[in-house]
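Peer 1: Supplied in structure tokens, the structure appears directly below.
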Amino acid sequence: MSDSSPSDSGADGLAARLRTDRPHSARVWNYILGGKDHYAPDRQAGDLILRAFPEFAAVARTQRRFLARAVRFLTEEAGVRQFLDIGTGLPTADNTHEIAQRAAPDSRIVYVDHDPLVLAHARALLTSTPEGSCDYLEADVRDPRTILAGAARTLDLDRPVGLVLLGIMGQLPDSDNPWGLVDELVEALPPGSHLVLSDGIDTSETLNAAVRAYNEQSADSYHLRPAERIEAFFHGLHLVAPGVVLADRWRAPETAEQEPRAHAMAGVARKP
């Protein structure tokens, strides 16, 4: 992407809300994954992270692979046909709807994000199979009521839903009570729904330092946590084997490419 505002803003005032003078997490993540939707400050922040912690690009790829395995599990083994993906980020290869509809063409997906650049690219997220459906909702994860009301236009919330929270709860400080927000979202979903969640852990001082440096210059912040705090998001749910583990270990095939440690915990759990 050039350093001008995207031409497909789709809403008045979108360009003003992009804040191209400071890095944003979705755009930095897109840059690290090799995407094209970023501005100079995002590239500078991404390069800062990669200089301080060169493994981070591999960590980003590992997270995407976990998402693919989790969605395939939900469609192929758990029979889930509806997904609520919050904190979607910018479109990349194998988005949630592509993975789900490849296995089950009638799958219905609602993406949620509050980054205005994601809104600008929403059309790329809405390419659904004829049998299924995709929708995009601009909302903040701190507002579960708005999310659930909007999702209900596409999803049947009386039937099981796969709630996907990949890297998003780490963007909230403890003062926002991310555990309570997850509880509120899960509580509104019927039995048989599943929570798919992954977030970064604070076990590497090098990664901790890189994230601190990023937070000092970014428009938003990321909060690494101890593994047990990630596990706490799944309380009251039935964990799918192998439980809450490093993201690169969750149901990874034995022949999987060996990469540096994931530095993120991941799990899938069923609501009883």
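Any read-out appearing in this document is the output of simple, stated calculations on the displayed coordinates, not a laboratory observation. All values derive from a computational prediction rather than experimental measurement. Here Cβ is always computed from backbone atoms with ideal geometry, including for glycine, and neighbour counts include all displayed protein chains.
Peer 1: Please list, short to long, the whole-number percent of alpha-carbon pairs of region 25-122 in consecutive 5 angstrom bins beginning at zero.
Peer 2: Once binned at 5 Å, the Cα pair distances of region 25-122 give 3, 13, 21, 21, 18, 13, 7, 4, 1.
Peer 1: At a threshold of 8 angstrom on Cα-Cα distance, excluding pairs fewer than six apart, so keeping six or more, what relative contact order does the chain reach in percent?
Peer 2: That works out to 20 percent.
Peer 1: Based on DSSP, what percent of beta bridges with both residues in region 14-270 are antiparallel, to the nearest 5?
Peer 2: Details: 11 of 32 bridges.
Of the beta bridges lying entirely in region 14-270, close to 35 percent run antiparallel.
Peer 1: So what's the net charge close to His238: Lys and Arg +1, Asp and Glu -1, counting the other residues with Cβ under 15 Å from its Cβ? Walk me through the numbers before you get to the answer.
Peer 2: Working: positive: Arg270, Lys271; negative: Glu77, Glu231.
Neighbourhood net charge equals 0.
Peer 1: Just how far, in whole angstrom, is region 230-247 from region 37-107 if you go by their alpha carbon centroids?
Peer 2: 19
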